[in-house]
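Quick notes on the structure that follows.
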Ligand SMILES: CC(C)(COP(=O)(O)OP(=O)(O)OC[C@H]1O[C@@H](n2cnc3c(N)ncnc32)[C@H](O)[C@@H]1OP(=O)(O)O)[C@@H](O)C(=O)NCCC(=O)NCCS
């Protein structure tokens, strides 16, 4: 499995849309800040997610904030990207030990950048930041899962050097009328 920072592929040869050139400059020049989430960031996080998923899930995000954002557990990370004082993206992940029979590794559960500031390097900066958190927690492998038809997120992760790993996902439907514990 590739590591995030060392196997970045060459960029796709196409210019960013005119409005987004400034963002790439900002992302690399330091105007972009990647920092741990704060409670007041939840509204923009919920709004960014709602545009991507089509659902506003306030209760879900409060619970994610309590689990991943509200403490200082080194194995959990909920980071936001702030551009000119505005939250424009986020990434969430966690180090999981020995699950699925694998040695400890860092899992990225979610990454989103607000439409309009995409293709400016913000997603890359978010992934680099969470990779640094995972490294600090002592792991050297980063994993994620994505839906097969989400070619955008697949292109993004591939651009960062990620490749298919050794795990496959399996699932089945549960009969809702079956026995429940
Ligand atoms: C994927 C996502 C996080 C990328 O954020 P971003 O800030 O645009 O990413 P970057 O600017 O750092 O792009 C890095 C590279 O990813 C690839 N990439 C990003 N967007 C792409 C697109 N629309 N088409 C093809 N490749 C793309 C490119 O290789 C790009 O490098 P380049 O600009 O030098 O060519 C953002 O598009 C997003 O939030 N999408 C929706 C995410 C989603 O579906 N989340 C739910 C599941 S977690």
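Here are a few things to note about the model shown:
- All positions within segment 85-137 that are more than 16 Å from the ligand (Cβ to nearest atom), assigned to a loop (DSSP other than H, G, I, E, B) and in contact (Cβ under 8 Å) with a residue 60 or more places away in the chain: 102, 137
- Residue count for segment 141-181 satisfying the condition of being away from the ligand (no atom under 13 Å from the Cβ), closer than 30 Å to residue 35 by Cβ, assigned to a loop (DSSP other than H, G, I, E, B) and at pLDDT 95 or above: 2.
- Subset of segment 159-171 (residues that are closer than 24 Å to residue 89 by Cβ and surrounded by 14 or more Cβ atoms within 10 Å (Cβ to Cβ)): 159, 160, 161, 162
- Residues in segment 48-70 that are within 13 Å of the ligand (Cβ to nearest atom) and in a helix (DSSP H, G or I): 48, 49, 50, 51, 52, 53, 64.
The values are calculated or read from the model by the stated rules, or taken from the named source; none is laboratory data. Because the structure is a prediction, the values reported are computed rather than measured. Virtual Cβ from ideal backbone geometry, glycine too; neighbours counted across all protein chains shown.
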